[in-house]
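The values are calculated or read from the model by the stated rules, or taken from the named source; none is laboratory data. Remember, it's a predicted structure, so these values are computed and weren't measured experimentally. Neighbour counts are summed over all protein chains in view; Cβ atoms, including those assigned to glycine, are modelled from backbone coordinates with ideal geometry. When the accessible area is computed, the model is the full protein with side chains, heavy atoms only, and any ligands, DNA or RNA have been set aside. Shrake-Rupley method; radii C 1.70, N 1.55, O 1.52, S 1.80 Å.
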Amino acid sequence: MAGVEAITNIHAAQASVAKTVSEPYDYIICGGGTAGCVLAERLTADGTKRVLMLEAGRPDSDYLFIRIPAGILRLFRSVYDWQHETGGEKECNGRNVFLQRGKVIGGSSCTNVLLHHRGSAQDYNDWQVPGWTAADVLPYFKSGQKDMTGRSAEFHGKEGLWVMDDVKYQNPLSKRFLKVGVAAGLGANSDFNDWSKPQDGVGRFQVSESGGERCSAASSFLKACKKRKNLTVRTGVMCRRINFDDGNTATGVRFDICGDDTCKQFEAKIKEGGEVLVTSGAIASPQLLMCSGVGPAEHLTDHGIKVVSDLPGVGGNLQDHPAAVVSFRTPVKGVSVTSKLRIFGMQNPWPVLRWLIFKTGLLTSTGCDHGAFVRTSASTDGQADLQIRFIAARALGPDGMTTYTQFRANRGALEDGYSLQSIAVRSKSQGRIRLASSNTHSKPMIDGGYLNNADDLCTLREGVKLCRQLGRRSEWGEYLGEEVYPGADVLTDDDIDEYIKNSLHTANALTGTCKMGMGKDCVVEPDLKVYGVNGVRVCDSSILPNIPGGQTATPTVMVADRAAAFILTPQVTVETYPEPVAVEATPAASS
């Protein structure tokens, strides 16, 4: 794989790229993240199709702190992170919300917390999109999966590349949390991906790990195909726009080298009948479409972009999992994961040695692989609206994302404790992506829309209340301690709401900005082809009509696998429409 991080010889770099684009390709994949890596493996498997994958991020997905699950502490706000932020969030007292997105081949599968969730069968049935019911998508979840835990073969696969396993470590506080949850009446759940039963209950979350190492899309799917002669991968290059002919048929992709001050652009072309596959994620996929002339006509015209297809839905329907934290200190010293990582305020070498030698122990955990799914009084569809993620550490601040970077920067001894993160896991609020410039090197403007549906605030409020109750239960025994966040002065519902608004953070599950379906607000057809143009599909998390009730990496793998089936197997068909039909979108309620 060729990548350009610090360009020492720009002429050599340009010559290398020029050679890459000297002949046309069957498929050009715009974005080497989770979905892009899946497509690269699937589309090159039989050796007959030439595939080019273009990725703006770094090439080194085998970086040690990506491979180590607990290395996530080193990745947020690093060179492996796009470090997006929303604009001032109206319902969060004008705060900007930090959004972590992976800036490396493999994308956010290299920088996420590894949780291996699909959501529920009802999530997919409720989409009401032809070809995307639970029965339609389950075979793709299974075919892509390699289950190492021995769970039900009805819902899990064993022959795929996307590994699911249990974390090879349990902190004493995490074990105690499971007992606390059951004693509180939440029930136990041994498999949150078993669609034969409700998702509710407390238990261990399975993770995308292989032998104690992170299983990313790069270490699984891309590793399996990167030596194939019919695959070319370029990292350190930015897709600028998709090119179209006068008939609105894609002809290729224009891109440049990141860091090339000469601004020289290159054009990779596709063969007749070839396709451009957009897999840049929920932020960059709509940005690329809009910069290519596909999106809301008035907005594109404002930026001097020629309109190819007027699609008002491009960039809309942004959905995420908003979160709030409750945290406690514990009188027991040395029990939290943060304490076990330090000795006298310095890094403890034993967890590192244990991981390097045995691939077991503390470093095999990102810290939040125990938790629960709960139906609160705010649930409106009979499903769990709240996910609780338990962390065997005291939060350093009320913003859970900031805690990761604060821990990395803190060199002293840390107080022991435990935290419970509430997540509105089937959130209803919607934001949008808009261009700041017609240049894709400029980050787009992001309105997260957090809490603009009152149900989400209600879910988080009930979550904070429940987590406070759980954290104070007598079953904690010797670990029972004093609440740190929200704190004793947060008493009423109004107090809790203000706490949430002032500390809300993302659980990093961005979806929906190139919505799939038939309505006027939709961007892609059920076979993922973009309305109004030919030869372009969007094949990543941005096509999800409604966010599933769980972390979104595994659904993204499923989407890419389903896309590959549409592309390679013409008999895999779904009902499609030449243009969006008059199905009105349901507006988000205001709080």
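Tabulated data for the structure shown
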{"read-out": "Cα-centred dipole magnitude for segment 250-381, charges only on beta-carbon of K, R (+1) and D, E (-1), debye, nearest 20", "value": "1100"}
{"read-out": "Whole-angstrom Cα spans of segment 258-312 along principal axes, big to small", "value": "33, 30, 22"}
{"read-out": "Where trypsin sites (Lys or Arg not before Pro) fall in DSSP loop in segment 185-250, at most 12 other Cβ within 10 Å", "value": "LYS227, LYS229"}
{"read-out": "Coil-residue GluC sites (Glu not before Pro) of segment 74-103, DSSP, other Cβ within 10 Å capped at 16", "value": "none"}
{"read-out": "The chain: DSSP helices with Cα axial extent of at least 18 Å and average Kyte-Doolittle hydropathy no lower than 1.0", "value": "553-568"}
{"read-out": "Evaluated at q = 0.09, 0.21, 0.22, 0.23 Å⁻¹: base-10 log I(q)/I(0), Debye formula over Cα of segment 478-584", "value": "-0.41, -1.10, -1.16, -1.22"}
{"read-out": "Cβ-based charge dipole, the chain, positive-most Cα from SER208, GLY88, THR338", "value": "THR338"}
{"read-out": "Rounded to the nearest 20 debye, dipole of the chain from Cβ charges on Lys, Arg, Asp, Glu", "value": "2060"}
{"read-out": "At 1.306 mPa s and 10 °C, Stokes diffusion of segment 347-451 via Kirkwood alpha-carbon radius, µm² per second", "value": "91"}
{"read-out": "Under 16 Å from LYS229, Cα to Cα: aspartates and glutamates that are on another chain or at least 8 residues apart", "value": "GLU23, ASP26, GLU41, ASP46"}
{"read-out": "Tail weight of P(r) past 17 Å, computed on alpha-carbon pairs of segment 68-183, percent", "value": "72"}
{"read-out": "Portion, in percent, of the accessible area of the chain that falls on carbon or sulfur, probe 1.4 Å", "value": "50"}
{"read-out": "Cross-link table LYS168/LYS333; LYS179/LYS340; LYS428/LYS529; LYS179/LYS515; LYS90/LYS197; LYS49/LYS146, entries beyond 30 Å C-alpha to C-alpha", "value": "LYS179/LYS515; LYS90/LYS197"}
{"read-out": "Considering only the chain, percent of DSSP beta bridges that pair antiparallel, nearest 5", "value": "65"}
{"read-out": "Over segment 1-98, volume per residue of the alpha carbon convex hull, in Å³", "value": "171"}
{"read-out": "Given charges at Cβ of Lys, Arg, Asp, Glu: segment 470-581 dipole, positive-most of ASN508, GLY535, VAL490", "value": "GLY535"}
{"read-out": "Diffusion coefficient, µm² s⁻¹, Stokes-Einstein with Kirkwood Rh over alpha-carbon pairs of the chain at 37 °C and 0.692 mPa s", "value": "136"}
{"read-out": "Cα centroid separation, segment 352-368 to segment 431-447 (Å)", "value": "38"}
{"read-out": "Within segment 4-71, GluC sites (Glu not before Pro) in DSSP loop having at most 15 other beta-carbon neighbours inside 10 Å", "value": "GLU5"}
{"read-out": "Cα gyration tensor, segment 48-133 - rounded (a/c under 1.5), prolate or oblate", "value": "oblate"}
{"read-out": "For ARG342, residues with placed amide H under 5 Å, excluding near neighbours", "value": "ASN348"}
{"read-out": "Lys/Arg +1, Asp/Glu -1 at C-beta; the chain dipole; positive extreme among TRP127, ALA35, THR573", "value": "ALA35"}
